[in-house]
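Scroll down for the structure; my scribbles are underneath it.
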Amino acid sequence: MMRAVVQRVERAAVTVGGKNISSIQQGLVAFVGVEKGDTTKAADYLVDKIINLRIFEDSEGKMNLSLLAKNGEFMVIYFVVKSRDKVDKVGTGEFQAMMKIDLRNDGPVTLLLDSRTAF
């Protein structure tokens, strides 16, 4: 089962070996866990779920806008899937590297999702 911890952020950056390899402004950071047997169908489901979450405030202050509606940026740590086809800026970490992740939460808004929709 593929799982993701998703955080709404004002900004985020990933550094490996002192070098900034990715950064975003307002958007989402997803820490994604993948296990043997996970499928592209599971990844597609999570990407669509994440980019369509209504977790950004609208003009009335209600959490009613998705990443796509807000034109935010998306940083996926550990894996990149079809999100690049749907979101203009997608940043990544470096698999199995010692990463320094600097992010500024916006909220706090943190969600736990999984590909089997168990929650």
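The values are calculated or read from the model by the stated rules, or taken from the named source; none is laboratory data. Only a predicted model underlies this, so the values are computations on that prediction, with no experimental measurement involved. Note that each Cβ is placed from the backbone with ideal geometry, even for glycine, and that neighbours are counted across all protein chains shown.
If we only count strands (runs of 3 or more DSSP E) wholly inside the range 1-88, which ones have 1 or more residues that are modelled with pLDDT of 90 or more and farther than 15 Å from residue 103 by Cβ?
On the way: elements: 3-16, 19-24, 27-33, 63-65, 73-77.
Output list reads 19-24, 63-65.
I'd like the full set of residues that are within 20 Å of residue 110 (Cα to Cα) and surrounded by 17 or more Cβ atoms within 10 Å (Cβ to Cβ), limited to the range 14-30. Let's see the steps before the verdict.
Let us first name the residues in the range 14-30 that are within 20 Å of residue 110 (Cα to Cα), namely 14, 23-30.
Selection gives 14, 24, 26, 27, 28, 29, 30.
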